[in-house]
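Below: the structure, in structure tokens.
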Amino acid sequence: MKKCTVDMPSYTYAVKAERLLKARGYPCDIKRNSGTEKGCGFSLVIRSGCREALMTLDRYSIPYTLSGGGG
């Protein structure tokens, strides 16, 4: 998976996930969702190494919901 988007349960988790992944070399950015009814309205766009990045989030118990990107 090259690129994916994950919905975060809060802005705090979005920032934690971004810092964790950037520190490990995964390019990612927080995106504000507008007009959404899901979650807090923040997503994390991971631009490469998505599968490994998601395993890292799992390993550090950072909650997320995969919302975009393929397998």
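Quick one: in the range 1-44, of everything that is in a loop (DSSP other than H, G, I, E, B) and under 15 Å from PRO63 (Cβ atoms), which residue is modelled with the lowest pLDDT? Don't jump to the end; show me each part of the working.
Applying the first criterion (in a loop (DSSP other than H, G, I, E, B)) to the range 1-44 yields 1-3, 9-10, 24-27, 33-41.
From the residues that got through so far, the ones that are under 15 Å from PRO63 (Cβ atoms) too are 9-10, 38-40.
On the way: PRO9: 92, SER10: 92, LYS38: 56, GLY39: 51, CYS40: 61.
For the range 1-44, the residue satisfying everything is GLY39.
If we keep just the residues of the range 54-66 that are without any contact (Cβ under 8 Å) to a residue 40 or more places away in the chain and assigned to a helix (DSSP H, G or I), which is surrounded by the most Cβ atoms within 10 Å (Cβ to Cβ)? Don't jump to the end; show me each part of the working.
Let us first name the residues in the range 54-66 that are without any contact (Cβ under 8 Å) to a residue 40 or more places away in the chain, namely 55-56, 58-59, 61.
Applying the additional criterion that residues be assigned to a helix (DSSP H, G or I) yields 55-56, 58-59.
Details: MET55: 11, THR56: 18, ASP58: 11, ARG59: 9.
If we take residues in the range 54-66 being without any contact (Cβ under 8 Å) to a residue 40 or more places away in the chain and assigned to a helix (DSSP H, G or I), then THR56 is surrounded by the most Cβ atoms within 10 Å (Cβ to Cβ).
The values are calculated or read from the model by the stated rules, or taken from the named source; none is laboratory data. In this text, all values refer to a predicted model and were calculated from it rather than measured experimentally. Note that each Cβ is placed from the backbone with ideal geometry, even for glycine, and that neighbours are counted across all protein chains shown.
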